[in-house]
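As structure tokens, the structure follows; a few thoughts come after it.
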Amino acid sequence: MCGLGGVFYKTTEHEQKTGEIAYRILEGIYRRGPDSTGVALWQPNENGLLYVGINCEVPGTGAAVIERLDELGTVKEACDGNGFVRAAIAYDGADEELVDAIDALGPGITVGHIGGHVEVIKHMGGVANLEANFHLKDYDGQVAMGLTRFATESSIDFTHAQPLSARANRDLALMHNGHITNYHWLRYVYEQMGYRFATRNDSEIIPVMLLDEMNKGASLEEALKISVDKLDGCFTYIVVTADKVGVVKDRYASKPMVVGETDAFVALASDSQSLREGVLTDVEVWELGAEEVATWQL
Amino acid sequence: MAAVKKTLSIDCVGKPTREINAFIRQAADDGVPVVELLNPQARHNLGVCVLKPIHIVIRGHVGYYAAGLSDHITVEIHGSAGWGVGDNLMHGEVVVHGNAATSAAPSIRGGTVVVKGDAGPRSGISLKSGLLVVGGNSGYMTGFMMQKGRIVVCGNTAKALGDSMYQGSIFIGGSIEELGSGCEIVVPEADELDDILKTLDHYQIKAPKAFRKIRSDKSLWNFNKHDFAAWKDVL
């Protein structure tokens with residue numbers, strides 16, 4: 001099933017804390033996906049750091065991961081969230097080399113996401129664990145979009161928790177509610193083209209597809225529209241990039257997504273109750289239609 | 001016999017949905033004519049399985065399956081509704097003053113569901129009888145697999161309108177993005193139009209200039225192995 005939701009503030013000045021709104025929305029849609037919860041946050045990042053999110057499936061490996069990060073670059077901030085490491089590092093090498101070096105540390109250790117503006121945090125269970133480990137409510141930037149996962153195909157662990165991204169590519173966080181039925185075929189095609197996959201989660205095909213289309217020259221909006229044709233199955237997904245937030249619904253409109261927009265913010269959620277409880281106002285909402293694609297510029 | 005109160009109000013804040021629905025059913029049992037729900041906060045499953053006549057006024061937005069599985073009730077929703085409003089209604093009336101999300105009036109067997117604003121995808125899916133009126137636009141696959149009854153959409157409809165409908169009729173005032181499989185556009189009868197205009201007038205919905213009628217062309221009623229290409233397209 002999975003629940004999707006979050007908020008995008010159009011300006012840096014805003015009335016409520018972004019993290020608190022996202023917390024309430026994700027708490028509201030918890031029953032749609034109790035397995036794990038993850039959020040993509042947008043960071044202004046004036047110091048040119050690299051945000052790295054690393055899955056550490058083996059307990060107690062977080063410290064070694066942070067140590068290795070400090071060898072590869074300089075760790076400015078790091079938090080061992082007991083299964084997932086969140087870090088901001090000064091790093092000027094190649095992204096692929098960093099990801100390869102971390103992935104080589106041992107079984108169960110993989111880079112989940114890297115970004116210059118987009119940071120991913122995720123944890124098992126509900127959003128309370130995100131708060132306990134990463135203080136989600138303290139976040140007050142412009143974007144906090146998340147997913148509560150109800151796993152149907154792949155493992156329930158940090159690696160397969162969402163948001164997902166295309167391996168070793170910056171600023172592309174994807175949250176998908178649904179099931180991609182031509183995943184195996186598409187994965188074969190993209191692997192032949194040289195793309196590497198980090199998980200067995202069918203949702204990972206979406207960021208890879210978007211990246212491939214954008215590498216071929218498409219804008220984000222165009223890539224989102226192409227994905228509606230190329231993906232088979234049912235999907236509603238949210239994508240957060242360095243400068244945009246996008247949302248897409250499949251041609252059967254099989255998964256819910258309501259949108260509430262004011263002059264100040266755009267709020268998204270799988271149901272209107274969670275959305276309104278999140279933003280604490282009785283905002284007008286509309287449901288995204290079949291094949292509909294919407295994007296907002298940061 | 002003790003005097004029956006005319007209107008009972010219940011504030012939904014902090015109360016479990018089960019308690020609110022039990023309150024409505026008890027009021028119906030007691031012969032209370034009107035129940036008013038305050039602060040519904042888009043909660044799911046409000047007014048579900050109420051089987052005795054009562055008028056329910058909901059002051060705000062409702063979530064999924066509002067007034068579902070009910071019989072002989074009349075409901076005013078002063079806000080928007082989530083998925084499946086009026087699900088499987090037997091008799092009665094549900095009026096949504098705002099918009100409705102996916103699958104408005106699914107499988108209703110009788111009564112009337114009115115959405116004054118826009119309705120989402122699959123409105124009137126598997127309609128088995130009764131009437132669905134949409135004042136604004138209606139989404140993808142409106143009237144999908146409907147078996148009987150009538151759908152009236154004053155605005156525009158998205159793709160696959162009336163796809164695989166068996167019987168019944170759909171009336172569209174605006175544009176049709178794409179017709180679904182196994183249906184055709186015909187000219188409405190004068191008495192049908194008359195009836196529709198009276199209904200719209202009753203609900204104070206502005207009628208469009210004209211209506212087109214969609215019905216099954218019966219091409220999918222029986223499988224024909226010699227016409228396999230048509231079936232491949234449908235499936």
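Hey, can you tell me all the residues within the range A:237-260 that are outside any loop (DSSP other than H, G, I, E, B) and away from chain B (no Cβ under 14 Å)?
Looking only at the range A:237-260, we keep the residues that are outside any loop (DSSP other than H, G, I, E, B), and these are A:237-241, A:244-249, A:258-260.
Matches in the range A:237-260: A:237, A:238, A:239, A:240, A:241, A:244, A:245, A:246, A:247, A:248.
I'm told residue B:106 meets every condition in (1) surrounded by 24 or more Cβ atoms within 10 Å (Cβ to Cβ); (2) in contact with a strand residue (DSSP E or B) (Cβ under 9 Å, 6 or more places away or on another chain) except one. Can you identify the failing condition by its number?
Checking residue B:106 against (1) surrounded by 24 or more Cβ atoms within 10 Å (Cβ to Cβ); (2) in contact with a strand residue (DSSP E or B) (Cβ under 9 Å, 6 or more places away or on another chain), the one that fails is (2).
Pick from the range B:120-145 the residues that are in contact (Cβ under 8 Å) with a residue 24 or more places away in the chain and among the hydrophobic types (A, V, I, L, M, F, W, C): which of them is nearest to the other protein chains (Cβ to nearest Cβ)?
This residue is B:141.
What number of residues in the range A:200-244 are touching a residue at least 60 places away in the same chain (Cβ under 8 Å) and within 18 Å of the chain's Cα centre (by Cα)? Full working, then the answer.
Let us first name the residues in the range A:200-244 that are touching a residue at least 60 places away in the same chain (Cβ under 8 Å), namely A:220-221, A:224-225, A:228, A:236-243.
Filter once more, so that each one left must be within 18 Å of the chain's Cα centre (by Cα): A:220-221, A:224, A:236-243.
Adding up the residues that qualify gives 11.
Across the range A:1-27, what is the number of residues that are surrounded by 24 or more Cβ atoms within 10 Å (Cβ to Cβ) and over 17 Å from the mean Cα position of the chain (by Cα)?
Of the residues in the range A:1-27, 0 are surrounded by 24 or more Cβ atoms within 10 Å (Cβ to Cβ) and over 17 Å from the mean Cα position of the chain (by Cα).
Return a yes/no flag: does the range B:179-201 have any residue that is hydroxyl-bearing (Ser, Thr, Tyr), on the phi > 0 side of the Ramachandran plot and away from every other protein chain (no Cβ under 14 Å).
Scanning the range B:179-201, I find no residue that is hydroxyl-bearing (Ser, Thr, Tyr), on the phi > 0 side of the Ramachandran plot and away from every other protein chain (no Cβ under 14 Å), so the answer is no.
Please go through the range B:107-119 and give me each residue that is assigned to a loop (DSSP other than H, G, I, E, B), away from every other protein chain (no Cβ under 14 Å) and free of Cβ contacts under 8 Å to residues at least 40 places away in the same chain, ordered by number.
Once the filter is applied, which keeps residues that are assigned to a loop (DSSP other than H, G, I, E, B), away from every other protein chain (no Cβ under 14 Å) and free of Cβ contacts under 8 Å to residues at least 40 places away in the same chain, the range B:107-119 yields B:107, B:109, B:110, B:111.
Within the bounds of the range B:72-84, is there any residue that is under 18 Å from residue B:7 (Cβ atoms), free of Cβ contacts under 8 Å to residues at least 40 places away in the same chain and within 14 Å of chain A (Cβ to nearest Cβ)?
yes
Do you know which residues across the range B:60-79 are among the polar types (S, T, N, Q) and open to solvent by 10 Å² or more (accessible area, probe 1.4 Å)?
Just the residues of the range B:60-79 that are among the polar types (S, T, N, Q), to begin with: B:70, B:74.
Correct list: B:74 only.
Kindly indicate the residue of the range A:38-77 that is in contact with a helix residue (DSSP H, G or I) (Cβ under 9 Å, 6 or more places away or on another chain) and open to solvent by 60 Å² or more (accessible area, probe 1.4 Å) and also farthest from residue A:149 (Cα to Cα) among those meeting that condition.
Filtering first and then ranking leaves A:71.
Only one of these conditions is not met by residue B:159: (1) at pLDDT below 95; (2) farther than 24 Å from residue A:286 by Cβ. Which number is it?
(2)
The values are calculated or read from the model by the stated rules, or taken from the named source; none is laboratory data. Bear in mind the structure is a predicted one, so any value in this text is a computation, not a measurement. Note that each Cβ is placed from the backbone with ideal geometry, even for glycine, and that neighbours are counted across all protein chains shown. The area values use the complete protein model at the heavy-atom level, side chains included, leaving out ligands, DNA and RNA. Shrake-Rupley method; radii C 1.70, N 1.55, O 1.52, S 1.80 Å.
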